[in-house]
Amino acid sequence: MDPNNPNRESRSTPQYALYQRENFWKSNDGQVPPFNTDPGELERLAQQKLTQNGWFYASSNAGQSHTHTTNRQSFYRHRIIPRMLVDTNTRDTAHTIWSHSVSAPIGFAPVGINKIYNEAGELPVARVAGELNLPYCLSTAGSQPIEDVGVANDALAKDGKGVRFFQLYMPHDDALTRSLLQRAVASGFTACILTLDTWQLGWRHDDVATSNYAFYHGKGADLGLSDPVFQQRLREAGIDPATQPNEAGALWIDSVWHGRAHTWEKAVWAMRLWKELSGGKPFALKGIQSVGDARKAVEMGFDGIVVSNHAGRQVDGAVASLDALEKIVDAVGDKIYIMYDSGVRSASDVFKALALGAQFVFVGRLWIWGLSIMGEAGVRHVMKSLLADFDILLNVGGYRNVGKIIRNRAALESGPRDYPLQPRTFKL
Ligand code: GLV
């Protein structure tokens, strides 16, 4: 690939495809590419690096992993139709989300307790997201203070400003919710995404069998422990986090994943609170899988939805998130901003979700594996490779930009929704 392609001047994003060339060239300079980014290989390498508990938590799914399996299968039933002799010389992966110009319609999904995978936790991940100008979404179950994540996200960003959203797991303690959101606003998070599908973890066999819940073992509660309202709750409960880290971690996570359902009215309350604190910034709902819930989100005035089944970690035997996306787009695609999450492993998966009507796509396990394998350098390699894969896909597939893909069902040939059950070892 010619790095001096004159059409590079017309791009608003770097020529990500050149990352392929950089890696092809490396051996001439006595170097090797960091690691193989084939998703199956990433998973295998991460498993080698992680402790048993780290591996179980990263890979665990609800029940028999049937939802996870179906998430993957649903991508196979759609095939991309390549187009030829399209002028993709002037292609661009750029995208806009909530008035932010970003490198691609791809974001870092909110994933908690990154300290399980790397001792620096969320910080290297937020740094790479800022550097690549991809939106970063911090989980309430994150293991670093909100403020530190904000600083990390700006550190390598062009113009010193990363694009970041805050994912809320809503406590039943309203003062605590307010405090978390206030901190997020003060730390430059410009949208809030309320997760609806997880206020208690799904039944995950491996984690239960090994008591694998980091917070109960004194790890990962930093986001809560750095909160002034939660510090007050610790004092009220007579818990000293310095000497009782397990009890402090338990009080925190039991406030967040409390097992007590919320209502639509309460979600509206959270949206109003976020709007009041942030000066009207976007508020979206994550975890929508049914047309009925999507319609309700429109009716109640939410700014967006993330069609997600939490990567198959909550309800076993559930519908594929990609199949839900298709139906939801048909019902409300012109009424609300629709994002996609669950089971994304490659640029072609991103393409398929966009073609089905998502306007933005989150990836999770891919960068978790990169973080586990090689820390910050691992996240960077995985995400730069994904961007290169996407840029190259546009080029060889004949799609000049993201606008040519979104809701372009003609770009896909789609088979029936007919998934034979596969064993858990189902190849990625
Ligand atoms: C939390 O979000 C989890 O899936 O463990």
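The values are calculated or read from the model by the stated rules, or taken from the named source; none is laboratory data. Note that this is a predicted model, so its numbers are computed, not measured. Here the Cβ positions follow ideal geometry from the backbone for every residue, glycine too, while neighbour counts run over all protein chains shown. Please note that ligands, DNA and RNA were not included when accessible areas were found on the heavy atoms of the full protein model with its side chains. Shrake-Rupley method; radii C 1.70, N 1.55, O 1.52, S 1.80 Å.
Overview of results
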| quantity | calculated |
| --- | --- |
| Per residue, in Å², the accessible surface of the range 73-186 once ligands and nucleic acids are set aside, probe 1.4 Å | 34 |
| Heavy-atom accessible area ranking, 1.4 Å probe, most first, across 68, 172, 205 | 205, 172, 68 |
| Highest-fluctuation residue, 297, 62, 331 considered, GNM on the chain with Cα pairs under 10 Å | 331 |
| Which of 374, 170 is most accessible, then next, and so on - probe 1.4 Å | 374, 170 |
| Estimated 222 nm signal from helices in the chain, with DSSP H stretches of n ≥ 4 weighted -39500 (n - 2.57), rounded to 500 | -13000 deg cm²/dmol |
| Sequence-distant lysines (8 or more away, or on other chains) whose Cα lies within less than 25 Å of residue 266 | 275, 281, 286, 296, 335 |
| Virtual spin-label span in nm between residue 243 and residue 413, 7 Å along Cα→Cβ | 7.1 |
| Surface per residue (accessible, 1.4 Å probe) for the range 1-61, Å² | 61 |
| Given charges at Cβ of Lys, Arg, Asp, Glu: the range 299-418 dipole, positive-most of 412, 397, 320 | 397 |
| Distance between the range 353-409 and the range 276-309 - C-alpha centres, whole angstrom | 23 |
| Dimensionless Rg ratio for the range 1-66, taking C-alpha atoms and the 2.2 N^0.38 Å reference | 1.70 |
| Residue of 252, 274, 264 that the Gaussian network model of the chain assigns the largest fluctuation, springs spanning Cα pairs under 10 Å | 264 |
| Residue 205 versus residue 330: modelled label distance in nm, points set 7 Å from Cα along the beta carbon direction | 3.5 |
| Surface/4 of the Cα convex hull for the chain, nm² | 20.6 |
| Solvent-accessible heavy-atom area per residue, rounded to whole Å², over the range 312-389 at 1.4 Å | 22 |
| Where only C-alpha atoms are counted, convex hull volume of the range 146-243 per residue in Å³ | 141 |
| Convex hull volume per residue for the range 289-428, taking Cα atoms only, in Å³ | 139 |
| The range 5-111 - Rg (one decimal) and Dmax (whole number), Cα, Å | 18.9, 53 |
| Heavy atoms of residue 240 accessible to a 1.4 Å probe, total area in Å² rounded to 10 | 70 |
| Heavy-atom accessible surface of the chain: percent carbon and sulfur, 1.4 Å | 51 |
| Farthest toward positive dipole pole in the chain [+1 Lys/Arg, -1 Asp/Glu at C-beta], among 261, 385, 181 | 385 |
| Magnitude of the charge dipole, the range 316-398, Cβ model with Lys/Arg +1 and Asp/Glu -1, debye to 20 | 200 |
| Net charge dipole size for the chain [Lys, Arg +1 and Asp, Glu -1 on Cβ; Debye, nearest 20] | 820 |
